[in-house]
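*Asks:* Submitted below is the structure of interest, expressed as structure tokens.
Throughout, read-outs are computed from the coordinates displayed, never taken from laboratory work. Predicted, not measured: the structure shown is a model, and the values here were computed from it. Don't worry about glycine lacking a Cβ; one is built from the backbone with ideal geometry, like all the others, and counts go over all protein chains shown.
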Amino acid sequence: MSQVTESEERLLIEAAQKDPSRFAELYEHNFHRVYAYVARRVRDRAETQDLTAQVFHQALANLAKFKWRGSPFVAWLYRIAANAIADQARKKGRESVEQSNPSSESSTTTDLEEVERRARVFSAVDKLPEDQRRVIVMRFADEKSIREIAGELGRSEGAVKQLQFRALENLRNRLIEK
């Protein structure tokens, strides 16, 4: 799916706010990114599918409340996804506690902290310059080698390594600031 520009995305959002049947275009443009975001955090396919569906259902239900603030629409979807994942973890934690397993409470806290940490990292990756973001996503999310990335981007392996280095430095600095 091709990337939409900021102005195209804004028009799609406004159209969907006026006519909910236009939400399908936003769904199509963002489904794979949201699914990947959830899948990296949940690791269970059925749960990933359920949570992704929940994210888009919630987004559609609350689309009228969405206010354009200059950040990509997918960032709003990631926030909804992070909350859904955290809610799911809390629910599982409560179920575990009800089964009288006292050690699960501390692991749920750790799980929630991990979800929040990953959400911050993912948000920071999304704010990287386009070429750096693509390299990071291809390298770590898609688990491609430097050689594969260089081939796909039509760049030398050295250039890809340099982009990866700059992106990681950029991420480190952004995360330290927070």
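*Asks:* Which of S71, S123 comes first, and how do the rest follow, when ranked by fewest Cβ neighbours within 10 Å? Don't skip to the end; give the middle numbers.
*Replies:* Values: S71 13, S123 17.
By the 10 Å Cβ count, ascending, the order reads S71, S123.
*Asks:* Answer rounded, prolate or oblate for the chain, using the Cα gyration tensor with square roots of eigenvalues a ≥ b ≥ c: rounded when a/c is under 1.5, else prolate when a/b is larger than b/c, else oblate.
*Replies:* Taking the square roots of the gyration eigenvalues as a ≥ b ≥ c, the chain is oblate.
*Asks:* In debye to the nearest 20, how big a dipole does segment 128-178 give about its Cα centre with +1 on each Lys and Arg Cβ and -1 on each Asp and Glu Cβ?
*Replies:* Rounded to the nearest 20 debye, it is 160 debye.
*Asks:* Would you grab the residues whose amide H sits under 5 Å from the one on K144? Only those 5+ places off in sequence or on another chain, please, with H modelled 1.01 Å from N.
*Replies:* Answer set, sorted by chain and number: R139.
*Asks:* Does segment 128-178 come out rounded, prolate or oblate, given a ≥ b ≥ c as the square roots of the eigenvalues of its C-alpha gyration tensor, rounded meaning a/c under 1.5 and, failing that, prolate meaning a/b above b/c?
*Replies:* Here segment 128-178 falls in the prolate category.
*Asks:* Further question on the same structure: Could you rank the peptides 166-175, 129-138 by their average count of other C-beta atoms within 10 Å per residue, with the highest value first?
*Replies:* 129-138, 166-175
*Asks:* Can you run phi through the Karplus equation (6.51, -1.76, 1.60; θ = phi - 60°) for segment 113-130 and list ³J(HN,Hα) in whole Hz, with x for Gly and Pro?
*Replies:* Once rounded to whole Hz, the list reads 5, 5, 4, 5, 4, 5, 4, 5, 5, 5, 4, 5, 4, 4, 8, 5, x, 3.
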